[in-house]
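The values are calculated or read from the model by the stated rules, or taken from the named source; none is laboratory data. Everything numeric in this text was worked out from a predicted model, so none of it was measured. Cβ: placed from backbone, ideal geometry, glycine included. Neighbour counts: every protein chain shown.
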Amino acid sequence: MSNSSPLPPLTAAAALPKQMTQAGFAVLSADTAAGLIGWQRPPLDWQAHWADLPSDNYLRDGGRYRRRRHGCFVIDEGRVEAVAHRAHWQPVEYNALHGGIERWFEPLPPALQSDPRWTALLQAMARIAGGLHPAARWFAEAHVFRIDTTDGIGRPTPEGAHRDGVDLVAVFLVDRHGVKGGETRVFAADGPQGVRFTLAEPFSVLLLDDARVIHESTPIQPLQGDAPAWRDTLVLTLRRGGFQGPQAMLGA
């Protein structure tokens, strides 16, 4: 697995609306993201929340390489409210591997949810989503992921190149430790155009207009033998009209 990968094609804050409109995606440096969110600096202290994640017991490939937590929020005209813990659900049209089932993950740490920087993050993502698709109310899901090399290889996107069935996806790279691989790939949903790069800077972020692009990340392997290695990400999705779920759950 090669370490060679292009650098991320970074977008300046002032160019973000045009970039998202024209390309359907953008990559922001940690400092640019912090400025848009209203953080004084990237919250590197949050990395501690990734150290004790429970295993993802729903992996249908039999792997043990993914750990995660999950939480849901409603952002209504800038007001952020955590909703009662609920299952994560995707239709098979968007996730052929894990779609069509309710997946109950452990909730986000209370210390993360109560952090004012967390509220600012969700508010900023709603503003960006609103620039693409005007709406006053957004249904947000937060996924705290660790992909490690317990099995010798870890798969950030075992479902392959995909869309998520939402309006905006934000993938924050939180940490990389002792890994090679994990290259991000973004393709136009209706054509062959695409880019590839590797996110390496903590709290740099990939923003995706989910209707227009598909995305994936390549597997990771340890740089040194059996030494512990992992790739930590925070994935936020925002959707108009309600959370995804079986018909009876829509908008719940």
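Can you spot a residue in region 211-220 that is free of Cβ contacts under 8 Å to residues at least 12 places away in the same chain, small (G, A, S), out of contact with any Ser or Thr (no Cβ under 7 Å at 6 or more places or on another chain) and assigned to a loop (DSSP other than H, G, I, E, B)?
No.
Residue-wise test of (1) of a type in the set (D, E, K, R); (2) free of Cβ contacts under 8 Å to residues at least 40 places away in the same chain.
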{"position": "G24", "(1), (2)": "no, no"}
{"position": "Q47", "(1), (2)": "no, no"}
{"position": "R67", "(1), (2)": "yes, no"}
{"position": "I101", "(1), (2)": "no, no"}
{"position": "W118", "(1), (2)": "no, yes"}
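Please verify whether D164 is part of a strand (DSSP E or B), of a type in the set (D, E) and either out of contact with any Lys or Arg (no Cβ under 6 Å at 6 or more places or on another chain) or under 26 Å from A15 (Cβ atoms) (or both), treating the condition exactly as stated.
So D164 fails the test.
Of the residues V235, V174, V169, only one is surrounded by 17 or more Cβ atoms within 10 Å (Cβ to Cβ) and touching a helix residue (DSSP H, G or I) at 6+ places or on another chain (Cβ under 9 Å); which?
The conditions single out V174.
Out of the residues in region 21-60 that are touching a Leu at 6+ places or on another chain (Cβ under 6 Å) and not polar (S, T, N, Q), state the one that is nearest to D209 (Cα to Cα).
By that ranking, first place goes to F25.
Can you say whether A140 is modelled with pLDDT of 95 or more, in contact with a Ser or Thr (Cβ under 8 Å, 6 or more places away or on another chain) and either not β-branched (V, I, T) or not in a helix (DSSP H, G or I) (or both), as far as the supplied structure shows?
yes
Take A111 and tell me if it is surrounded by fewer than 17 Cβ atoms within 10 Å (Cβ to Cβ), within 23 Å of P202 (Cβ to Cβ), hydrophobic (A, V, I, L, M, F, W, C) and at pLDDT 95 or above.
Yes.
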